[in-house]
Ligand code: AMP
């Protein structure tokens, strides 16, 4: 934490060498720093009712902590967090009262969770940003310029007790330290605040694109929180580019922009610029199927940046297509609950990205996950290379031994600190009887089947799944939205391939004896996943943190209704027919 504070003081004269030096020192001494960090967290929050009730009695040593404090999930802490949100300003979870609440994306549970947010989490955010930037900039230096950032503030509201509540990313963007840090990292956002906080996603997206074009020569990088938003932005560009050109040419603003604050801010930036409009027009007309669109529009961009691992891997093919040779660098690993690790090896190929834990931003434990059995958690420096673990977080904002629900694999060590590969969410997705398929298994199966589409120059735009128990026996349903029309024959093959690619022994044996029915592939109308996104936005979710739900249960009835109501064709697997 001391390092983070020191770095914050240095904003404005960002010293990359020093950041790297501090990081190397910290990661070389991870065990000691972890103990110190835990001690500091427990000292600061000594008076917290939660710790008192557990009987920690002010002890700050690791042994007492592990003995007394149980592993918990969000459900266990929810009543405490709810009290805070309702206005209880006594030390419930933290010594200092919590004044801000973050809303997690909530796409996994079908609803947003409340998470405590405080200054320390903000400092952690800046520390992570600066750390990965220092390493990134060493390999891919950027000049002074701007960042085309597809970021969107979500609505902030007051909880019953008067606390400000918004998505974690919104809480970060609203903080003045965020802007200062971005400026110190030479990358202020192209778009004015009114666009970022416009609260009307489609209008903000249009204006982000327009701002990017207006500053096209200055753009040093293109980014978003998750890669999904970048792909979505350029898919939108494909549809609206002529309208954008017209705005640039005439110095006018499309009538689709109706929010007065966005209009006013954008009109200040616009003046007739036929030369720029011609140049954009020429570039777009010269591209073949939009290949290389990003470097064509932004010739000085050095890389594309955003979370690209885990559930974002689906979008990499499309992003590569838009990026041509421009490097794709994955952003750091964190959650609304707090940051965990930074990408300090930006030259590693995107799919292989690992994240090095920052030992001073929280106390981390890892539950080995082998054969679906939960083992006892181990400490940060006790993990083993090649093993898979569920991440457990203790942070400065009132989460103690909190199961984050993510599974990671230890790929190596950076000094004495593990390098993690993000694998998937830990909860099982698809299960009917003895079968167990995770988000990762589903992704692998979809990737395998999608290869059959490549021959037809088609791709899976997005996907989801559902366990259909209304049939007897129950079966898996996979929903696909495709970029174009595929033949009956190919889709039949894809359906069989999906079914065959679930290699889990439980699934295979159940399929063979018809304990699980044939997998069904349902093809969706174009734009269906946009409808799913719109549904979440209408509920107050932020685009920044949006992750397509990879499995939709019956309790998520609205989304299931959107998916089922937009099926245009469906296929039943014959892969296990005798
Ligand atoms: P949120 O609930 O919106 O805060 O999203 C946090 C979740 O996003 C994490 O728990 C992960 O499941 C996922 N996530 C965050 N960063 C990464 C990353 N670098 N790679 C893969 N998944 C990530």
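Values computed for the structure shown
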read-out	value
Helices (runs of 4 or more DSSP H) contained entirely in the stretch 497-578, each with at least 3 residues that are under 30 Å from residue 229 (Cβ atoms) and out of contact with any strand residue (DSSP E or B) (no Cβ under 8 Å at 6 or more places or on another chain)	528-538, 557-564
Residue list for the stretch 491-541, filter: closer than 30 Å to residue 151 by Cβ, in contact with a helix residue (DSSP H, G or I) (Cβ under 6 Å, 6 or more places away or on another chain) and surrounded by 17 or more Cβ atoms within 10 Å (Cβ to Cβ)	532, 537
Filtered residue count, the stretch 313-327, keeping only those that are at pLDDT 95 or above and crowded, with 21+ Cβ neighbours inside 10 Å	3
Tally, over the stretch 315-334, of residues that are touching a helix residue (DSSP H, G or I) at 6+ places or on another chain (Cβ under 8 Å) and within 15 Å of the ligand (Cβ to nearest atom)	9
Test set (1) in contact with a helix residue (DSSP H, G or I) (Cβ under 6 Å, 6 or more places away or on another chain); (2) within 16 Å of the ligand (Cβ to nearest atom); (3) more than 30 Å from residue 116 (Cα to Cα) - residue 411 fails condition number	(1)
Qualifying position, being within 16 Å of the ligand (Cβ to nearest atom) and outside any loop (DSSP other than H, G, I, E, B), among 281, 305	305
Test: residue in the stretch 415-428 that is over 22 Å from residue 355 (Cα atoms), in contact with a strand residue (DSSP E or B) (Cβ under 6 Å, 6 or more places away or on another chain) and at pLDDT 90 or above	no
Condition check for residue 391: within 16 Å of the ligand (Cβ to nearest atom), under 21 Å from the mean Cα position of the chain (by Cα) and buried (at least 18 other Cβ atoms within 10 Å of the Cβ)	yes
Residue 533 being within 16 Å of the ligand (Cβ to nearest atom) and under 14 Å from residue 566 (Cβ atoms)	yes
Residue match in the stretch 130-149 (condition: within 16 Å of the ligand (Cβ to nearest atom) and closer than 28 Å to residue 56 by Cβ)	no
Residue that is nearest to the ligand (Cβ to nearest atom), among those in the stretch 415-435 that are under 26 Å from residue 65 (Cβ atoms) and crowded, with 21+ Cβ neighbours inside 10 Å	420
Residue ID - surrounded by the fewest Cβ atoms within 10 Å (Cβ to Cβ), chosen from residues in the stretch 22-47 that are in contact with a helix residue (DSSP H, G or I) (Cβ under 9 Å, 6 or more places away or on another chain) and not in a helix (DSSP H, G or I)	46
Sole exception among (1) surrounded by fewer than 18 Cβ atoms within 10 Å (Cβ to Cβ); (2) outside any helix (DSSP H, G or I); (3) out of contact with any helix residue (DSSP H, G or I) (no Cβ under 8 Å at 6 or more places or on another chain) for residue 161, by number	(3)
Some residue of the stretch 174-190 being within 16 Å of the ligand (Cβ to nearest atom), touching a residue at least 60 places away in the same chain (Cβ under 8 Å), under 23 Å from residue 128 (Cβ atoms) and touching a helix residue (DSSP H, G or I) at 6+ places or on another chain (Cβ under 6 Å)	no
The stretch 130-150, residues that are within 28 Å of residue 198 (Cα to Cα) and either free of Cβ contacts under 8 Å to residues at least 12 places away in the same chain or in contact with a helix residue (DSSP H, G or I) (Cβ under 6 Å, 6 or more places away or on another chain) (or both)	130, 148, 150
Selection count where residues are assigned to a loop (DSSP other than H, G, I, E, B), within 15 Å of the ligand (Cβ to nearest atom) and surrounded by fewer than 18 Cβ atoms within 10 Å (Cβ to Cβ), scope the stretch 335-379	2
Residue match in the stretch 436-450 (condition: within 16 Å of the ligand (Cβ to nearest atom), under 29 Å from residue 92 (Cα atoms) and either at pLDDT 95 or above or surrounded by fewer than 22 Cβ atoms within 10 Å (Cβ to Cβ) (or both))	no
Cross-chain or 6+ apart pairs with Cβ under 8 Å, the stretch 225-238 first and over 13 Å from residue 316 (Cα atoms) and in contact (Cβ under 8 Å) with a residue 12 or more places away in the chain, then within 16 Å of the ligand (Cβ to nearest atom) and in a helix (DSSP H, G or I)	225/169; 225/544; 225/545
Failed item in (1) within 16 Å of the ligand (Cβ to nearest atom); (2) touching a strand residue (DSSP E or B) at 6+ places or on another chain (Cβ under 6 Å); (3) part of a helix (DSSP H, G or I); (4) within 22 Å of residue 392 (Cβ to Cβ), with residue 78 passing the rest	(2)
Residue match in the stretch 134-157 (condition: out of contact with any strand residue (DSSP E or B) (no Cβ under 9 Å at 6 or more places or on another chain), assigned to a helix (DSSP H, G or I) and under 30 Å from residue 236 (Cα atoms))	yes
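The values are calculated or read from the model by the stated rules, or taken from the named source; none is laboratory data. On a predicted model such as this, the values are computed, not experimentally measured, just so you know. In this analysis, Cβ positions are derived from the backbone assuming ideal geometry, glycine residues included, and neighbour counts consider all displayed protein chains.
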